[in-house]
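The values are calculated or read from the model by the stated rules, or taken from the named source; none is laboratory data. If you're wondering where the values come from, they're calculated on a predicted model, not measured in any experiment. A quick note on method: Cβ atoms are made from the backbone with ideal geometry, for glycine too, and the neighbour counts reach across all protein chains shown. Protein only, heavy atoms only, side chains kept; ligands, DNA and RNA dropped before computing areas. Shrake-Rupley method; radii C 1.70, N 1.55, O 1.52, S 1.80 Å.
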Amino acid sequence: MDIKWLKSFITAVETGNFRIAAEKLFISQPSITVHIKQLEESLNVQLFERHHTQIKLTSAGRFYYPLAVNIIKNIDESSRAVQLLSQQNKIQLAVALSPLLAETNLPQIIYQFSINFPQYEIDIIVEDSKYMDELILTSKVQLAICIGKSKVKRIHSEKISSSPLKLIYPIQSGKENTWHYNQLQELIEKYPLFSGHLEETSEAETLLKKEFPQLRKRATKQSHIIKQFVKDGLGMAFLPESIIDQDLKNGLFTSYHFTLFYLDTVDLYMRHFREDESLLPLLQAIREANME
């Protein structure tokens, strides 16, 4: 038995006319006739008496009408119940990104995941890396992506990328974007060095100060603010290549080809509770993405 047969039957009873029923259901009149005939054959009874364009319910038709209405009602209610259950089973996730990562392709990766997997509803929070563990421990977020491992044993840290440090400095007004200093000495005389924003930059800052005692340092804790300061021509800084690559391509600042000593790499980590299985598809999507 097809639901379409039942709807055609009910509408024909309520309108008293096959043509009007067809218009109401946005189908052809012959389709209504076929549906009624198929329903009658399925039930092995005659539901209507037909006299040219006039139709009249038989006793079987009168008996069956409330039953058909109840069947459609139950189908509609069960459909709504399943939809409601589906909504209740939506997976709510909150992901914390450090401010620097908000300008990478990570938000796009997460957004695309939510499109591909609509059962996931994901909120993105931008927060300083030092608060990430607390956010996870208090269940305010289920996943944090930032520089460095967690210091809490309960929180699993998975490295997803490594990026070398680069020394960046402002574009010079009146110069081509490809212009750069030939000597590190000139950079140090012109610009202060922003420092204190990443543990991974401390060794490079110390060695540079040792090599050039006249180096002026400006302590600034937030990496994303430092990047803006460099764009504004206020100084230079060591930052991971993955964070600045797009800005370099866009000519917002430039980088010095550093050969004085080895520069460390900066590791990007996903932090989360290992036992949280709801994260698995998102974690895999981030692993597989071509992070720029």
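A few points about this structure:
- Arg154-Lys140 pseudo-label distance in nm [points 7 Å out on the Cα-to-Cβ vector]: 1.6
- Across the alpha-carbon atoms of the chain, the computed radius of gyration and Dmax are 33.9, 108 angstrom.
- Per residue accessible area of the chain, 1.4 Å probe, in Å²: 58
- Within a Gaussian network of the chain (alpha carbon springs, distance under 10 Å), most fluctuating of Phe253, Phe48, Phe229: Phe48
- Restricting the calculation to Cα atoms, the range 107-164 shows an Rg/Rh of 0.99 when the hydrodynamic-style radius is the Kirkwood one.
- Estimated from the Cβ-Cβ distance and a Förster radius of 30 angstrom, the FRET efficiency linking Ala60 and Arg19 is about 0.80.
- GNM top mover of Val152, Val266, Val34 - the chain, alpha-carbon springs below 10 Å: Val34
- Relative to the 2.2 N^0.38 Å rule of thumb, the range 95-138 has a C-alpha radius of gyration ratio of 1.23.
- All-pairs Cα distance distribution in the range 41-175, expressed in whole percent, bin size 10 Å: 9, 22, 18, 12, 10, 9, 10, 7, 3, 1
- With contributions of -39500 (n - 2.57) from each DSSP H run of at least four residues, the per-residue ellipticity at 222 nm computed over the chain stands at -13500 deg cm²/dmol.
- Highest average packing first - 209-220, 269-280, 8-19, Cβ atoms within 10 Å: 8-19, 269-280, 209-220
- Rg(Cα) / (2.2 N^0.38 Å) computed for the range 179-292, rounded to two decimals: 1.28
- Among Gln142, Gln92, Gln46, the largest mean-square fluctuation in a Gaussian network model of the chain, built with springs joining Cα atoms closer than 10 Å, belongs to Gln46.
- Pairs exceeding a 23 Å alpha-carbon distance, out of Lys7/Lys37; Lys217/Lys249; Lys130/Lys227; Lys4/Lys56: Lys217/Lys249.
- Counting every pair of alpha carbons in the range 1-83, the share spaced more than 14 Å apart comes to 62 percent.
- Amide H within-cut-off set for Ile91, under 5 Å, with H built and near neighbours excluded: Tyr120, Glu121
- Gained length - Lys209 relative to Asn44, 0.36 nm times residue gap less alpha-carbon distance: 49.8 nm
- Residues whose amide H falls under 5 Å from that of Ile125, counting only those 5 or more places apart or on a different chain, are Val95, Ala96, Leu97, with hydrogens built in the peptide plane.
- Translational D in µm²/s for the range 224-266 (Stokes-Einstein at 10 °C, 1.306 mPa s, Kirkwood Rh from C-alpha pairs): 142
- Relative contact order (%) - criterion: Cα under 8 Å, at least six apart; region: the chain: 20
- In the chain, the portion of solvent-accessible area held by carbon and sulfur atoms comes to 51 percent [1.4 Å probe, whole percent, DNA, RNA and ligands not counted].
- Principal semi-axes of the equivalent ellipsoid, √(5λ) from the alpha carbon gyration tensor of the range 105-244, are 35, 19, 12 Å from largest down.
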